[in-house]
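The values are calculated or read from the model by the stated rules, or taken from the named source; none is laboratory data. Not measured: the values here are computed from a predicted model. Cβ sites come from the backbone with ideal geometry, for glycine too, and all protein chains shown count toward neighbours.
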């Protein structure tokens, strides 16, 4: 069994995930509204309750990569002075 | 092996409902629920806060998760076009508030909430004379000019602490400054330099009990109002571009940060050493977060832009079901 579930969910703000959720299952957000949760009943129920769209790992990775590449292109287009305020170029992200 | 009876002088009570005023560490068996219960330290966690009104990086914040102020920041695109907006947070949602005098990102920040916020220095593309040594104060209705800094602080990266009449500014870039100065609501005064320079010196506490931590190398030191005392222990994962908050120099947090890959790490300094705390859900750098008590942390902006806010619930003693695993 895979360790994680993948979904696309819009963060609706307060209550989107609670401290109790965080204690109950692994949960991590990524660019492109991709969320990775522990593959257990509580994690799966959280995605379903929030009207999330389940994705395969490769589908989720493609969404994240596309957003990161867009951010990298935007960063590359900045002047050297403007890059100073943002720290390093956005890094590639590999989903767990 | 010791037993509960040896430790507490009595056996575990069997009760039909949980006691109304349990003592720290007390354990009982709830016969109605068929569960062993204890009044023990719970687990800290981050949860989602009200979505920010804008998706800005390097915006600044003041206050706590139930009374916060957020202002400025950069859009991820070239300047001009950065906003001059500020917003206040009541623990649930954000309300548009005063206009900051100059669009700026990554300035220093201090304050107790939406009626007490202070910004100093900060970055905007050349010419930057309008921000680099300037102070502005918010009183709940408008931003007004305060006293000029003694030191230019271009990349303060949302560090700083203290209420409007007692702010603390340490470090900034470029050049990994270690300059330290304090504000009395009118003028800044030079103080002894922090032991290690950085363009991010996480700052927590008051002018007589300050915790400073260098993002560059994790150097940690406390200020008692007249001198720095370096801690033998450095932050576990040194990182700039994060946020800092907490009660004082013996209960201070650094959360997020990191150049290149952003991090979701949270670390707590207890006056002696740093320890890992529960991670945030989102990795964040260029984070304008704040918090003036351990249970009040609020994490703001993410680069690239994102409106996700997170709030920290510190570990407290609570009734828990005890299980064996």
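Miscellaneous remarks
- Scanning the range B:2-32 for residues that are in contact (Cβ under 8 Å) with a residue 60 or more places away in the chain and assigned to a loop (DSSP other than H, G, I, E, B) returns B:18, B:22, B:24.
- Listed by position, the strands (runs of 3 or more DSSP E) enclosed by the range B:129-218 include none that has at least 2 residues that are modelled with pLDDT of 95 or more, within 14 Å of chain A (Cβ to nearest Cβ) and farther than 30 Å from residue B:96 by Cβ.
- Unique residue being at pLDDT below 95, assigned to a strand (DSSP E or B) and over 17 Å from the mean Cα position of the chain (by Cα) when the list is B:97, B:54: B:97
- Tally of residues being surrounded by 14 or more Cβ atoms within 10 Å (Cβ to Cβ) and touching a strand residue (DSSP E or B) at 6+ places or on another chain (Cβ under 8 Å) across the range B:5-45: 18
- Of the helices (runs of 4 or more DSSP H) lying entirely inside the range A:35-96, those containing at least 2 residues that are more than 14 Å from every other protein chain (Cβ to nearest Cβ) and either in contact with a strand residue (DSSP E or B) (Cβ under 9 Å, 6 or more places away or on another chain) or surrounded by 14 or more Cβ atoms within 10 Å (Cβ to Cβ) (or both) span A:41-49, A:57-76.
- A single entry from B:243, B:315 fulfils the requirement of being modelled with pLDDT of 90 or more and farther than 25 Å from residue A:69 by Cα: B:243.
- When B:222, B:229, B:234 are screened for being assigned to a loop (DSSP other than H, G, I, E, B) and either more than 14 Å from chain A (Cβ to nearest Cβ) or surrounded by 19 or more Cβ atoms within 10 Å (Cβ to Cβ) (or both), only B:234 passes.
- Here residue B:301 qualifies as buried (at least 24 other Cβ atoms within 10 Å of the Cβ), closer than 21 Å to residue A:10 by Cα and at pLDDT below 85.
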